[in-house]
Structure formats: C-alpha cells, structure tokens
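Heads up: the structure comes next, in structure tokens.
The values are calculated or read from the model by the stated rules, or taken from the named source; none is laboratory data. Note that this is a predicted model, so its numbers are computed, not measured. Every residue, glycine among them, receives a Cβ derived from its backbone with ideal geometry; neighbour counts consider all protein chains shown. Accessible surface is based on the protein model in full, side chains and every heavy atom, while ligands, DNA and RNA are left aside. Shrake-Rupley method; radii C 1.70, N 1.55, O 1.52, S 1.80 Å.
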Amino acid sequence: MEIIEWLQFLLGSALLVLGLVIFLIQMVGVFRFKYVLNRMHAAAMGDTLGIGCCLLGLIVVSGFSFTSLKLLLVIIFLWFSSPVSSHLIARLEVTTDEEKEHHYKQQEITADGAVVTRVPRAEEDKDGTVF
C-alpha cells in the first residue's frame, strides 16, 4: 500500500513539474514573439496544456474523490473555453488590424477557379528582421 502512495505522489509531482515547465515555455514564447497573434497562440496553448497538466497532477496526488471530479470538470471547462476565447480575440485583431498588408498573405480566387497568392513586399525593421 505504501508503494502505491509513493507512485501516486511521484506521478502527481511529475505532472505538476511538467505543467510548470510548459508555463515557463509559454512565458518565453509570449515575450519572444513580436506579432500579437503569435504571442496569443503561445499564451493560449500554454494555458490549456499547462493548467491541464497541473490539475491532472493534483487529481493524482489527491486521489480519486469528489474533489478530483471537480478538478476534472475544471479541466474540461478550460479545454473548451480557452480556445474559444483565443479565437474570438484573434478575429478581433484581424478585423481591426490597420497594417494587414504587413502581416498577412492575401489569396484571391479568380473567375476560372485558380488561387492567386499575393505576398506583400517584405520590409525590414530597424533591427534587420523581416516582418
């Protein structure tokens, strides 16, 4: 019985550490990316996966009880709500972006059904990076 408790503790601790590592990677991504949609993608993926791992670790450590069921419901809620809210914020950014030509490729469908892609001329920033 004591071995099972140790295994439960080690697995739960590993999931908690994995969640914290994912949060660390998320923070690096949020601060390193320049464009808002890239930053938001890093934040949304990190939140969803990091919180999921941390809460799964807490479920394993606390054992299977009513508290575990509540934590599982929180995970399910976050897995549904975080991507939806990120998608809505991304659509708002795309709609209100004043420099669309600077960030996006434009694709058009011609009358004969061919897809024409127009890439805006890449402009170099002051630090030498493109876009």
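Run Ala43 past the list (1) in a helix (DSSP H, G or I); (2) touching a Ser or Thr at 6+ places or on another chain (Cβ under 9 Å); (3) under 30 Å from Thr96 (Cα atoms); (4) open to solvent by 40 Å² or more (accessible area, probe 1.4 Å) and report the number of the one that doesn't hold.
(4)
Can you find a residue in region 100-107 that is in contact with a strand residue (DSSP E or B) (Cβ under 7 Å, 6 or more places away or on another chain), open to solvent by 70 Å² or more (accessible area, probe 1.4 Å) and at negative phi?
Applying the first criterion (in contact with a strand residue (DSSP E or B) (Cβ under 7 Å, 6 or more places away or on another chain)) to region 100-107 yields 105-107.
Next cut, open to solvent by 70 Å² or more (accessible area, probe 1.4 Å) only: 105, 107.
Subsequent filtering for residues that are at negative phi retains 105, 107.
Checked against the condition, which is being in contact with a strand residue (DSSP E or B) (Cβ under 7 Å, 6 or more places away or on another chain), open to solvent by 70 Å² or more (accessible area, probe 1.4 Å) and at negative phi, region 100-107 yields at least one hit.
Here are Ile4, Ile59: which of them is crowded, with 18+ Cβ neighbours inside 10 Å and out of contact with any Gly (no Cβ under 6 Å at 6 or more places or on another chain)?
Numbers: Ile4 fails: crowded, with 18+ Cβ neighbours inside 10 Å.
Only one candidate qualifies: Ile59.
Among the numbered criteria (1) in a helix (DSSP H, G or I); (2) under 30 Å from Thr117 (Cβ atoms), which one does Ser85 miss?
It fails just one condition, (2).
Within region 31-38, is there a residue that is among the hydrophobic types (A, V, I, L, M, F, W, C) and either in contact with an Asp or Glu (Cβ under 8 Å, 6 or more places away or on another chain) or touching a residue at least 60 places away in the same chain (Cβ under 8 Å) (or both)?
Keep residues of region 31-38 that are among the hydrophobic types (A, V, I, L, M, F, W, C), which gives 31, 33, 36-37.
Cutting the leftovers down to either in contact with an Asp or Glu (Cβ under 8 Å, 6 or more places away or on another chain) or touching a residue at least 60 places away in the same chain (Cβ under 8 Å) (or both) gives us 36-37.
So far as region 31-38 goes, yes, one or more of its residues are among the hydrophobic types (A, V, I, L, M, F, W, C) and either in contact with an Asp or Glu (Cβ under 8 Å, 6 or more places away or on another chain) or touching a residue at least 60 places away in the same chain (Cβ under 8 Å) (or both).
So for region 60-69 (the condition being touching a residue at least 24 places away in the same chain (Cβ under 8 Å), of a type in the set (A, V, I, L, M, F, W, C) and within 30 Å of Ile4 (Cα to Cα)), does at least one residue qualify?
The answer is yes, given that some residue of region 60-69 is touching a residue at least 24 places away in the same chain (Cβ under 8 Å), of a type in the set (A, V, I, L, M, F, W, C) and within 30 Å of Ile4 (Cα to Cα).
Do we find that Leu92 is at pLDDT 85 or above and hydrophobic (A, V, I, L, M, F, W, C) in this structure? Walk me through how you get there before you give the answer.
Details: at pLDDT 85 or above: no; hydrophobic (A, V, I, L, M, F, W, C): yes.
Spelling it out, it is not the case that Leu92 is at pLDDT 85 or above and hydrophobic (A, V, I, L, M, F, W, C).
Consider Phe33 carefully, then state whether it is open to solvent by 20 Å² or more (accessible area, probe 1.4 Å), under 15 Å from the mean Cα position of the chain (by Cα) and among the aromatic types (Phe, Trp, Tyr).
Numbers: open to solvent by 20 Å² or more (accessible area, probe 1.4 Å): yes; under 15 Å from the mean Cα position of the chain (by Cα): yes; among the aromatic types (Phe, Trp, Tyr): yes.
Judged against the criteria, Phe33 is a match.
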